[in-house]
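Below is one structure, written out as structure tokens, with a few remarks after it.
The values are calculated or read from the model by the stated rules, or taken from the named source; none is laboratory data. These numbers come from a predicted model, not from an experiment. Cβ coordinates were reconstructed from backbone atoms using ideal geometry, including for glycine residues, and neighbour counts include every protein chain displayed. With ligands, DNA and RNA removed, areas are computed over all heavy atoms of the protein, side chains included. Shrake-Rupley method; radii C 1.70, N 1.55, O 1.52, S 1.80 Å.
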Amino acid sequence: MEELSRLVQRLTDTSCDIETRRKAVEGIRDSQELWHTKEYGKFLEQFLDPVITQLTNTQPQFQDTELHKLRSSLLEVLSKLPPNEVLRPYARKVLQLCLQLLNSDNQANGVVAMRLLLDIAKGLVRTSAQGYEQVFSDAVDFITRLYSHFPETYSQAFITSPANLPNDFSHTFRSLKMVAEAPLPLMFLIQLFPALAKARVPAMVPSMIAAVCQRGPDISALPGPPPAFWEHERLRLEREQMERREKGLAAGPGADSRWHEQVQDKWREALLGAIQDLKIGQVNNLWRLLLYSSIHLLWCKASVACKRGCWLAFAKIQTVVPLCPSSVFRPVDR
């Protein structure tokens, strides 16, 4: 514990550079054996507040900077903490941090924050949901905004030129991967707060149906790498050549025809990754939310138009990915 105290002190020392603080986080991460012993409580007392303060007081990064690596390392440690009774006194703080990151951070950290929120909800909120109503409300607010940005995110990725594909450094609201991650935590929170869900979730159904029914892009018609992508890859090549020269090695080939082919291949791979995120998000939204939540919670209360929309969306996605018997959803004529 003395070594842990020194590492935490180094982490919170503003005179230390980011690299020193990141190494301190790595040392804290290596103390995982404490998390499964009676020392876990003392570990949380020393570690949790400084980490939350670091993530709260430093700015989210939308480029691959050293500060981004530090923030990601801190969040990674938080995501690995066992969500047991020892963590319960800190659960509200961790959930509030997750919601803050979801609303302000990049895709990479947003995905981790979403999964951490779900783990805390499963491990601690499920057994005692009273007092966590605001968590449900804030989570629904985030997911509502996420779906409201979906048309623009899709357009920027696959329609406008130059294309702007979502990536790990995109804002959470501009992320197809976040759309894929959102349904499962939302479904779980609906089960914990059914009364609140009846008032909030039906309003989200039309935008979710629109996301599910969005036709995928024509791969053959997608634009090539935009100028910003070429520039990014050129700068990366120059950095690699400089590093090789500093090590006394040959710089290697420059921006020749082979390099151009590699950049084209990398762009196509990024496009296919974005399309995969889109399709996974569409299936997750329908399968995990509409199938369960609409049947068990919203079906009896929803309007006729909402019921028809759910059924039509399910029927449409069934033509692409068969999920379950279509008899689960029945059209409503009155």
For the range 24-45, what are the residues that are among the β-branched types (Val, Ile, Thr), surrounded by fewer than 15 Cβ atoms within 10 Å (Cβ to Cβ) and under 25 Å from the mean Cα position of the chain (by Cα)?
none
Has the range 246-262 got any residue that is farther than 28 Å from Ala113 by Cα, modelled with pLDDT under 85 and basic (Lys, Arg)?
yes
Exclusive hit being closer than 29 Å to Met208 by Cα, within 34 Å of the chain's Cα centre (by Cα) and open to solvent by 90 Å² or more (accessible area, probe 1.4 Å), set Gln262, Gln276:
Gln276
When both residues are 6+ apart or on different chains and their Cβ atoms are under 7 Å apart, which pairs have a first residue that lies in the range 24-37 and is farther than 16 Å from Asp13 by Cα, and a second that is of a type in the set (A, V, I, L, M) and part of a helix (DSSP H, G or I)?
Arg29/Val77; Ser31/Leu4
Any idea which residue in the range 166-193 is least open to solvent (accessible area, probe 1.4 Å), counting only those that are within 20 Å of Ile120 (Cβ to Cβ) and polar (S, T, N, Q)?
Thr172
Considering residues that are in a helix (DSSP H, G or I) and over 24 Å from the mean Cα position of the chain (by Cα), the number found within the range 209-227 is 4
What is the number of the single condition among (1) closer than 25 Å to Ala210 by Cβ; (2) in a helix (DSSP H, G or I); (3) in contact (Cβ under 8 Å) with a residue 12 or more places away in the chain; (4) open to solvent by 60 Å² or more (accessible area, probe 1.4 Å) that Tyr154 does not meet?
(4)
Log entry, pairs with first residue in the range 189-209 being closer than 25 Å to Leu116 by Cα and at pLDDT 85 or above, second being open to solvent by less than 40 Å² (accessible area, probe 1.4 Å) and not in a helix (DSSP H, G or I), beta carbons closer than 7 Å, six or more apart or on different chains, reads Leu192/Ala129; Phe193/Ala129
Report yes if Asp168 is over 21 Å from Met204 (Cα atoms) and of a type in the set (Asp, Glu), otherwise no.
yes
Would the range 173-182 turn up any residue that is in contact (Cβ under 8 Å) with a residue 40 or more places away in the chain and assigned to a loop (DSSP other than H, G, I, E, B)?
yes
For Leu249, only one of the following conditions fails: (1) open to solvent by 60 Å² or more (accessible area, probe 1.4 Å); (2) part of a helix (DSSP H, G or I); (3) out of contact with any helix residue (DSSP H, G or I) (no Cβ under 7 Å at 6 or more places or on another chain); (4) not acidic (Asp, Glu). What is its number?
(2)
Report whether or not Ser327 is modelled with pLDDT under 55 and of a type outside the set (Val, Ile, Thr).
yes
Which one is least open to solvent (accessible area, probe 1.4 Å) among residues in the range 11-23 that are in contact (Cβ under 8 Å) with a residue 24 or more places away in the chain and not hydroxyl-bearing (Ser, Thr, Tyr)?
Leu11
Within the range 1-10, is there a residue that is under 30 Å from Ser128 (Cβ atoms), open to solvent by 60 Å² or more (accessible area, probe 1.4 Å), in contact with a Lys or Arg (Cβ under 7 Å, 6 or more places away or on another chain) and at pLDDT below 90?
yes
Would you confirm, using the coordinates I've provided, whether Gln63 is closer than 24 Å to Gln9 by Cα and at pLDDT below 95?
no
